[in-house]
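Notes to accompany the following structure.
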Amino acid sequence: MEFSVDPTAESPSLPGFQDGFVAVEGCDLHFVRGGSGPALVLLHGWPATWWSWNRVMPALAQEYTVVAFDLPGLGDSSIPAQGYDAASTARRLHQAVTALGLGRVGIVSHDLGSQVAYPYAREYADDVSGVIVAEALLNGFGLEDCFADSFHFGLNSTPRPVAENIVNDEAAVAYFGWIFDESTQRPAEVDRRENLRAYRAPERRSAGYDYYRAFPDNAVYNKAHAGTKVSLPFLALVGEYGIGADVARSFRAVAEDVTEVIVPDCRHWIAEEEPAFLISCVRQFFGPAGAVAPPLERSIAR
């Protein structure tokens with residue numbers, strides 16, 4: 001399927017939400033904020049932006065203060081010169097959360113964002129009420145076992161400028177389009193046009209690759225800290241046709257309290273493919289007052 005994508009076009013917006021920027025170490029982070037109540041921080045994956053949460057944000061904003069960030073270097077955030085490992089990214093995000101005065105937050109994360117959510121919860125445990133991780137594995141605890149399943153892991157991790165030269169402007173549409181098609185149960189549910197727009201700029205693609213190039217650093221951090229597990233509650237969401245129970249197993253290597261939930265009729269892009277189900281999980285897990293709710297109902301948890 002052919003797409004005409006203008007990389008200079010403005011990113012979309014949500015009615016009732018405000019865009020802003022906050023200065024952190026080495027860059028300015030773009031965020032979209034709305035609602036009121038206990039704060040939820042939403043962390044997207046790759047290759048995506050804050051917009052991957054657009055189908056759940058309006059409903060969540062009825063009960064929570066919802067803040068979706070573009071990760072450093074991605075979306076509309078500025079591009080830092082270095083520091084793409086998960087721990088450095090978590091530090092920048094915590095600086096942003098502090099500057100915005102959000103206080104104690106719940107974290108809802110997907111894919112690459114879930115790799116960042118773990119060091120955030122570890123380093124700033126007093127500032128976190130709980131963590132939802134979706135369709136993600138940790139470096140050093142299972143992610144490497146997936147490298148043989150898709151060539152994109154190896155391609156994205158190659159030193160500069162190998163990936164940059166292979167995935168040029170013309171090839172980007174085919175490459176990222178393939179990523180979306182292969183990782184969704186219902187490809188039409190994922191906003192390919194916006195994701196492609198966000199990654200058509202070469203410097204944005206390079207920033208995305210730099211997160212993959214930092215995987216060895218992530219593994220070192222994760223293994224070094226696994227001896228003392230995080231006590232905060234984690235909810236591991238797994239698409240019925242996604243990467244499987246390894247998500248919960250991976251995070252149980254670093255966290256004491258991990259509940260697994262299978263998302264029906266879904267693959268990788270849970271917030272787009274099954275937004276109502278995700279909204280229900282968030283409400284049950286965090287509760288209306290921002291404190292972690294009682295254990296999830298047996299109908300969805302296992």
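We did not get these values from a lab; they are worked out from the coordinates using the rules stated. Keep in mind that this is a model prediction, so the values were computed, not measured. A quick note on method: Cβ atoms are made from the backbone with ideal geometry, for glycine too, and the neighbour counts reach across all protein chains shown.
Can you give the longest stretch of the chain with no exposed loop site, where a site means GluC sites (Glu not before Pro) in a DSSP loop (not H, G, I, E or B) with at most 11 other C-beta atoms within 10 Å?
Result for the longest clean stretch: 11-296.
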The chain, Gaussian network, Cα under 10 Å: of 212, 64, 175, the residue fluctuating most is 175
Connecting every pair of Cα atoms under 10 Å apart in the chain and solving the GNM, the largest mean-square fluctuation among 41, 105, 24 falls on 24
Connecting every pair of Cα atoms under 10 Å apart in the chain and solving the GNM, the largest mean-square fluctuation among 27, 266, 146 falls on 146
Taking N as the number of residues in the stretch 108-201, the ratio of its alpha carbon radius of gyration to 2.2 N^0.38 Å works out to 1.27
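Run lengths n ≥ 4 of DSSP H only: what is the helix-derived mean residue ellipticity at 222 nm for the chain, with -39500 (n - 2.57) per run over all residues, to the nearest 500?
Working: 12 runs with 109 residues, N = 302.
Dividing the helical sum by the residues of the chain leaves -10000 deg cm²/dmol.
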Along the stretch 89-100, Karplus-curve 3J(HN,Hα) (6.51, -1.76, 1.60; θ = phi - 60°) to the nearest Hz, with x for Gly and Pro, reads 5, 4, 4, 5, 5, 5, 4, 5, 4, 5, 5, 7
The alpha-carbon center of the stretch 230-260 and that of the stretch 8-38 are separated, in whole Å, by 28
